[in-house]
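Please read the structure below before turning to the comments.
Bear in mind that the values in this text are calculations on the coordinates, not laboratory data. Just so it is clear, the model here is predicted, and its values are computed rather than measured. Note: ideal-geometry Cβ built from the backbone for every residue, glycine included; neighbour counts use all protein chains shown.
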């Protein structure tokens with residue numbers, strides 16, 4: 001094996017760091033956008049065709065650009081935000097641009113599952129739009145939201161593997177540079193095994209939390 | 001008090017216009033239980049939703065205690081909604097929250113202190129008969145229990161008006177009865193005005209004081225439940241009345257009528273209120289040398305007033321029969337001959 005234990009641990013840390021940080025930032029962007037996508041649609045709480053259409057189209061555009069292209073395309077922006085266009089921190093910017101719109105869609109989907117009758121009941125009891133969103137929509141969708149966000153985290157783990165292209169490091173980078181390009185099968189198997197365990201762990205945790213929050 | 005004044009509601013989808021409400025004029029007096037009945041698509045649902053502005057009338061006005069709330073600010077509208085409770089066919093409870101939390105919700109929204117909320121929720125749970133269910137979740141309850149929770153939630157803010165949107169349509173007959181009893185208690189004990197919509201005439205008969213029949217967005221008939229049931233005018237109203245008070249003659253009876261060739265004429269006798277107490281049959285039989293034979297009939301109660309409908313065969317001389325009929329009519333009992341071909 002051409003790598004030692006510390007390199008693998010470092011790569012694992014980079015993966016966790018990229019995934020974790022980009023997830024938090026993506027959630028900050030995706031949650032409000034997801035809520036807006038729901039409440040501005042026709043016949044909903046704060047119906048607003050213009051806002052909905054713009055959001056809808058912009059999100060679709062970001063969602064249709066392949067991650068590897070997106071990563072390169074926003075390099076100038078990355079440089080403004082992080083000060084550099086290479087490295088782990090620099091990889092977080094494109095990851096957020098990738099996962100933010102994705103999370104917005106996932107959240108939209110979960111919130112749309114909430115029974116319209118519940119919203120009607122909330123309106124009938126004199127709830128304000130903010131109260132409806134935070135006391136009715138989100139609590140009722142919470143279990144489904146947790147599962148949706150689990151999907152987003154797993155997606156981010158996958159996407160972060162490509163961050164090697166801009167020197168982001170991480171397990172995926174290790175697998176490509178040592179396992180694939182230098183034919184080190186053991187490194188390849190090891191990194192993939194760690195990723196498998198990681199994804200399994202995240203998914204199990206997500207399932208558990210989703211059950212926990214079903215009733216609050 | 002709720003007043004509908006020339007209320008119209010038109011939905012536009014593409015180039016098509018759907019007129020859900022076509023000029024509704026109705027007045028629901030304070031303390032009344034007012035029922036609106038109609039087949040699906042008649043506009044009931046739109047009508048009830050104009051009261052708390054879940055639907056805005058396209059034209060016309062809805063006045064709540066004399067005030068047109070559609071002219072108010074969003075905040076004032078929300079305040080008014082707290083005075084108008086609403087319950088739903090599918091209950092619309094929060095499945096992620098306990099029974100206690102569900103009932104507390106309107107109070108939480110109004111930022112009521114916690115101790116006050118706990119006291120009020122306990123009182124409401126007691127009132128709807130579910131004091132031991134506070135910690136359960138809606139999916140652990142039966143339909144009837146869920147509707148009781150819905151009712152308790154609607155009453156949390158001490159509203160003066162309760163809107164019932166097909167509140168018993170998803171329940172079995174026995175549960176329906178118990179929910180209707182509860183609604184009547186709410187009306188009597190708290191003097192809450194109730195406006196309900198339904199497609200079940202049984203619900204109207206059971207608890208309503210007044211009824212309006214809705215068809216294609218228009219009120220085709222309205223009045224006290226007693227008037228409408230005992231003397232329905234419109235064909236649709238007659239169908240609804242017939243659905244709970246069958247006055248159609250059975251086939252065997254029609255066969256018999258067809259064969260008697262008018263030798264023993266058959267009359268439909270409708271008596272109401274005080275006339276029920278009178279033994280008119282035996283009196284007529286004694287006074288006029290007639291034999292009276294009841295072929296079919298039912299007696300029921302509308303708004304606490306007895307109401308009867310009998311099909312009676314008169315056997316005797318024609319002159320005697322005519323005198324007898326005059327005497328019966330004199331007692332404010334309606335009599336009409338049953339046509340031999342018709343029912």
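Tell me the label-point distance for the pair residue B:83, residue A:182, using the 7 Å Cα-to-Cβ offset, in nm and rounded to one decimal.
Result for the modelled spin labels: 7.9 nm.
Rounded to the nearest 0.05, what FRET efficiency is calculated for residue B:67 and residue A:46 with R0 set to 25 Å and r the Cβ-Cβ distance? Kindly include the intermediate steps, with their values, before the conclusion.
Details: r = 26 Å, r/R0 = 1.02.
That pair, residue B:67 with residue A:46, gives E of 0.45.
On alpha carbon coordinates alone, what is the Rg over Rh value for the protein assembly as shown, Rh being the Kirkwood radius?
On the way: Rg = 34.5 Å, Rh = 28.9 Å.
Here the Rg-to-Rh quotient is 1.19.
Which three extents, in whole angstrom, do the alpha-carbon atoms of the stretch B:251-337 cover along their principal axes, largest first?
The principal-axis extents, from largest down, are 39, 32, 17 Å.
Rounded if a/c is under 1.5, else prolate if a/b is larger than b/c, else oblate: which is the stretch A:67-216, with a ≥ b ≥ c the root eigenvalues of its Cα gyration tensor? It would help to have the intermediate numbers written out before the result.
Details: a/c = 4.05, a/b = 1.86, b/c = 2.18.
Taking the square roots of the gyration eigenvalues as a ≥ b ≥ c, the stretch A:67-216 is oblate.
Report the semi-axes of the equivalent ellipsoid for the stretch B:1-62 in whole Å, largest first, where each axis is √(5λ) for an eigenvalue λ of the Cα gyration tensor. Mind dumping the intermediate values first?
On the way: eigenvalues 94, 32, 17 Å².
Taking √(5λ) for each eigenvalue gives 22, 13, 9 Å, largest first.
How do B:44, B:136, A:42, B:120 line up, fewest other C-beta atoms within 10 Å first? Display every interim value, and only then the final one.
On the way: B:44 24, B:136 15, A:42 8, B:120 20.
Ascending number of Cβ neighbours within 10 Å: A:42, B:136, B:120, B:44.
With no solvent and one point per C-alpha, what does the Debye sum give as log10 I(q)/I(0) for the stretch B:152-204 at q = 0.20, 0.26, 0.30 Å⁻¹?
-0.71, -1.13, -1.34
Please rank B:234, B:101, fewest neighbouring Cβ atoms within 10 Å first, as an exposure proxy. Kindly include the intermediate steps, with their values, before the conclusion.
Details: B:234 13, B:101 19.
Sorted ascending by nearby Cβ count, the order is B:234, B:101.
Please tell me the relative contact order of the stretch B:251-337 in percent, rounded to the nearest whole number, where contacts are Cα pairs under 8 Å and at least six residues apart. Intermediate values should be presented prior to the final figure.
Working: 128 pairs, mean separation 34.3, N = 87.
This gives 39 percent for the stretch B:251-337.
How far, in nm, would the chain grow between residue B:139 and residue B:39 when pulled straight, counting 0.36 nm per residue and subtracting the alpha carbon separation?
On the way: separation 100, 0.36 × 100 = 36.00 nm, distance 2.99 nm.
Result for the pair: 33.0 nm of gain on full extension.
For the stretch A:98-148, restrict the atom set to alpha-carbon positions and state the Rg and Dmax in Å.
Looking at the stretch A:98-148, its Cα Rg and Dmax stand at 11.8, 39 Å.
How high is the relative contact order of the stretch A:18-168, in percent, with contacts defined as C-alpha pairs under 8 Å that are six or more residues apart?
Numbers: 175 pairs, mean separation 53.3, N = 151.
Averaging sequence separation for qualifying contacts and normalising by length gives 35 percent for the stretch A:18-168.
On each of the three principal axes of the Cα atoms of chain B, give max minus min coordinate, whole Å, ordered largest first.
So the three principal-axis extents are 80, 52, 33 Å.
Note down the Stokes-Einstein diffusion coefficient of the stretch B:94-232 in µm²/s, whole number, using a Kirkwood radius over alpha carbon pairs, 20 °C, and 1.002 mPa s. Kindly include the intermediate steps, with their values, before the conclusion.
Working: Rh = 16.2 Å.
Estimated via Stokes-Einstein, D reaches 132 µm²/s.
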